[in-house]
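Taken together, the values in this text are just the output of simple stated rules run on the coordinates, not laboratory data. Since we're looking at a predicted model, the values are computed, not measured. Here the Cβ positions follow ideal geometry from the backbone for every residue, glycine too, while neighbour counts run over all protein chains shown.
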Amino acid sequence: MEQSIDSIAVGSHVPDILEKLKKTKTVSQSAYNDLATGENVVTIELGECTLLFNDFIPKIFCTIEFYHLKPQTTPVKQGLSVDFGFSGKFRVNVDDSFLEYLSSGFAIIELRQVVMGAQHKLIGIGKISLSQFLTEKMEFGGILEFKSTKGEKSIGGIKFKIKIQGQ
């Protein structure tokens with residue numbers, strides 16, 4: 001893997017999976033059916049979220065930060081165990097900058113609590129490493145742990161799936 005990352009860094013090699021992505025011209029059954037050569041769609045799905053505190057039942061939502069694109073936000077849910085059932089789609093240009101991001105970047109999921117009305121505060125954060133895409137996987141998932149903003153204490157977790165759409 002280190003050799004793949006090094007060769008990507010110097011621009012001498014692109015993993016097979018990313019070659020396939022660069023050749024994708026259109027994506028069927030997608031919100032983005034007008035993709036140009038070299039473009040693709042990354043989908044991040046957020047599912048069941050369970051919080052570990054029990055002194056109150058909060059209203060929560062998540063924001064997804066991916067690449068240099070506009071963050072996306074789940075709907076607000078209330079409870080200690082909720083299912084966001086959210087699917088965020090990010091249109092990307094598969095170029096050298098994006099390949100570098102995949103090799104060392106993260107999708108950042110922030111857990112926010114509604115305080116009052118439209119006011120909210122960040123209560124937890126989790127990072128999904130994207131380097132798994134470099135091992136020729138088109139999708140992967142798991143449970144992401146949220147760490148408290150006031151230290152490294154775990155405050156909960158969320159099921160996620162992330163995929164690059166291909167043909």
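Assorted remarks:
- Net +/- balance of residues flanking L46 in space, Cβ distance below 12 Å, scoring K and R +1, D and E -1: -1
- Amide H within-cut-off set for G156, under 5 Å, with H built and near neighbours excluded: L52, F146
- Diffusion coefficient, µm² s⁻¹, Stokes-Einstein with Kirkwood Rh over alpha-carbon pairs of the range 72-164 at 10 °C and 1.306 mPa s: 106
- With R₀ set to 30 Å, the beta-carbon distance separating N93 from H120 gives a calculated FRET efficiency near 0.40.
- For I123, the residues whose modelled amide H falls within less than 5 Å of its own, excluding neighbours fewer than 5 places apart on the same chain, are L111, R112, Q113.
- Phi-derived couplings, Karplus 6.51 cos²θ - 1.76 cosθ + 1.60 at θ = phi - 60°, listed residue by residue for the range 67-78: 6, 10, 8, 4, x, 10, 10, 6, x, 7, 10, 10 Hz, with x used for Gly and Pro.
- Pairs over the 21 Å Cα-Cα cut-off, from the set K137/K161; K59/K89; K59/K161; K121/K147; K89/K163: K59/K89; K59/K161.
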